[in-house]
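K.L.:
Dumping the structure here so I can ask a few things about it.
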Amino acid sequence: MMEKHVVVIYPHPDDESFGAAGTIINYREQGVPVTYLCGTLGEMGRNMGAPPFANRETLSKIRKKELVDACSELDVDLRMLGYRDKTLEFEDRRGVAELLKGILEEIRPSLVITHYPDYAVHPDHDAMGAAAIEAVRMMDPKSRPTVWAQAISNDHLEELGRPDIVNDVRPFFDKKMNAILCHKSQASGILGQFQENWATDDMKEAAKKQLGKEAFYIWHFRE
Amino acid sequence: MTPIESEKVQQLLEMLIGKDVYIHLETTNGAYASHLNEKAYNVGAYIRNAKVNFSQAKIIGNGNSFRVGLKIDWGWIYAEGLTDWTLHNESQLLLAGHDREGRLMVALHISETPLGE
């Protein structure tokens, strides 16, 4: 099915590139508009570049620039929601959901991509996903977009079963890698972990093995 | 940031004694520690823009890794594992400890004005 407009809702600069860049690139190549609602600036991240070029006080500005560059590479519209890294789960969930609902009613997307609450490892992922799903739940059932929720916890296959959507994004991997590399302060630290897991000298090959498929569960609203 | 020059840092700490200052104190091993290694624990804490006034301040270490202790009215502020420093905006003293991969493990910032959002 041709989507009308896709909205991606994640909390951190780089979640879009690691988690959904291939899916996003595929939609953009079909001419489908994509908007990224990015919850925070990732200002509490511990990766400072390797070797470090950022510090805790400069990180927000650096990651904001990286986010803008990655969204330009992915050719998506970007809206920054202005929450602070690591604090999303302590915000009023209803308030976050209301903010998201307002934006969704304005954009009227056919598809929303977010994290699967409680199966997304980082507390900000869980909180952002829960607020996004709450926002869609509060919409008129007739005008709700489809929601794809992304689970990344180690137990998600056992607990949730096989994902409904598995996008093989290896055909788009060069561009996905370019988007990831826009996040200079984060990329090498995270990619390095994949390299250890896959025991290869080629960072891109290791990344492709880890990130070559993007999987999502279709969220079912029970009413 | 650059490797800590303890004499310079000590001088800057002493200039802040007796002044109302804003502190950022943090330690973290990341939100993915137990995701990447099931035997690991996720541990972290931070306090940002706590306003304090200290009467004594020292940096002590072995040349690579340093501890800082600040004596405040009713207690202490303490950080261990500090490796690097910089002066941010020419006046905010930033101290941090990084691991081999350059990831932040601990941070102590001291500023006469509130630290940025």
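Read-outs throughout are calculated quantities, based only on the coordinates presented, and are distinct from any laboratory measurement. Bear in mind the structure is a predicted one, so any value in this text is a computation, not a measurement. Counting neighbours? That spans all protein chains shown, and the Cβs are built from the backbone with ideal geometry, glycine included.
K.L.:
How do B:E101, A:E214, A:E196, B:E26 rank when sorted from fewest to most other Cβ atoms within 10 Å of their own Cβ?
P.N.:
The most exposed by this proxy come first: A:E196, B:E101, B:E26, A:E214.
K.L.:
Okay, next question. Only Cα pairs under 8 Å and at least 6 apart count here; give the relative contact order of chain A as a rounded whole percent.
P.N.:
Relative contact order, chain A: 27 percent.
K.L.:
So how do A:174-184, A:102-112 stack up, highest first, on mean other-Cβ count within 10 Å?
P.N.:
Final packing ranking: A:174-184, A:102-112.
K.L.:
Give the average, rounded to an integer, of partner chain Cβ atoms located within 10 angstrom of each Cβ in B:98-108.
P.N.:
5
K.L.:
Which value at 222 nm does chain A reach when only helices count, each DSSP H run of 4 or more adding -39,500 (n - 2.57), with the total divided by all residues and rounded to the nearest 500 deg cm²/dmol?
P.N.:
Roughly -14000 deg cm²/dmol at 222 nm, from the helical runs in chain A.
K.L.:
In debye, nearest 20, what is the charge dipole magnitude of chain A about its Cα centre with +1 on Lys and Arg Cβ and -1 on Asp and Glu Cβ, if you could check?
P.N.:
Result for chain A is approximately 360 debye, rounded to the nearest 20.
K.L.:
Give the relative contact order (percent, whole number) for chain B; include only Cα pairs under 8 Å separated by 6+ residues.
P.N.:
This gives 29 percent for chain B.
K.L.:
Let me know the whole percent of all Cα-Cα pairs from chain B that are separated by more than 21 Å.
P.N.:
It works out to 37 percent of all Cα pairs.
K.L.:
Output needed for region A:43-111: three equivalent-ellipsoid semi-axes, defined as square roots of 5 times the C-alpha gyration tensor eigenvalues, in descending order, whole Å.
P.N.:
In descending order the semi-axes read 27, 18, 8 Å.
K.L.:
Continuing with this model, one more query. Find, among the chymotrypsin sites (Phe, Trp or Tyr not before Pro) in region A:51-119, those assigned to loop by DSSP (not H, G, I, E, B) with at most 16 other beta-carbon atoms within 10 angstrom.
P.N.:
A:F53
K.L.:
Right, next: Can you list the lysines whose alpha carbon sits under 16 Å from that of B:K19, skipping same-chain ones fewer than 8 residues off?
P.N.:
Partners within reach: B:K51, B:K58, B:K71.
K.L.:
What number of lysine-lysine pairs in region A:6-218 show an alpha-carbon separation below 15 angstrom, given a sequence spacing of 8 or more or placement on distinct chains?
P.N.:
So the count works out to 14.
K.L.:
Give me the dipole magnitude in Debye, nearest 20, for region B:1-66 about the Cα centre, with unit charges on the beta carbon: positive for Lys and Arg, negative for Asp and Glu.
P.N.:
140
K.L.:
Using a 10 Å cut-off around each Cβ of peptide B:78-86, what is the average number of partner chain Cβ atoms that fall inside?
P.N.:
Counting other chains' Cβ atoms within 10 Å and averaging over B:78-86 gives 1.
K.L.:
Now for a different question. When the Kirkwood hydrodynamic radius is evaluated over all pairs of different C-alpha atoms of region A:6-218, what value in angstrom, to one decimal, is obtained?
P.N.:
After inverting the mean inverse Cα-Cα distance, the result is 17.3 Å.
K.L.:
Kindly write out, for region A:48-63 in residue order, the coupling ³J(HN,Hα) from the Karplus curve 6.51 cos²θ - 1.76 cosθ + 1.60 (θ = phi - 60°), rounded to whole Hz, with x marking Gly and Pro.
P.N.:
10, x, 10, x, x, 10, 10, 9, 3, 7, 9, 4, 4, 5, 5, 6
K.L.:
Could you go through region A:143-156 in sequence order and give the Karplus-derived ³J(HN,Hα) for each residue, using 6.51 cos²θ - 1.76 cosθ + 1.60 with θ = phi - 60°, rounded to whole Hz, and x for Gly and Pro?
P.N.:
These are the phi-based 3J(HN,Hα) values: 10, 5, x, 5, 10, 9, 10, 9, 9, 10, 5, 5, 9, 5 Hz.
K.L.:
Among B:G75, B:G97, B:G61, whose mean-square fluctuation peaks in a Gaussian network model of chain B (Cα, cutoff 10 Å)?
P.N.:
Largest GNM mean-square fluctuation: B:G75.
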